[in-house]
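Please treat every number below as a calculation from the coordinates, not as lab data. These numbers come from a predicted model, not from an experiment. All Cβ positions, even for glycine, are placed from backbone atoms using ideal geometry, and neighbour counts span all protein chains on display.
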Amino acid sequence: MRLYENGSSVIKKVKKTIKEKSLDLFEAIRGRIVTDKDLAELDTPIQVRFT
């Protein structure tokens, strides 16, 4: 819940809606060329812990 609340305050400070931020992120990713290194990183397992 804290992560959501902290993220909400950041978005309010930036004065952009979540939709605008999502579109900006999508545009940044869309123009990127996927390399072999990127694909190798996708194969590496990660672990996320919530405490």
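Val34: net charge of surrounding residues, Cβ under 15 Å, Lys/Arg +1, Asp/Glu -1, itself excluded? Summing Lys/Arg as +1 and Asp/Glu as -1 gives -1. Label-to-label distance, Glu41 versus Ser22, with points set 7 angstrom from Cα along the beta-carbon direction: 2.3 nm.
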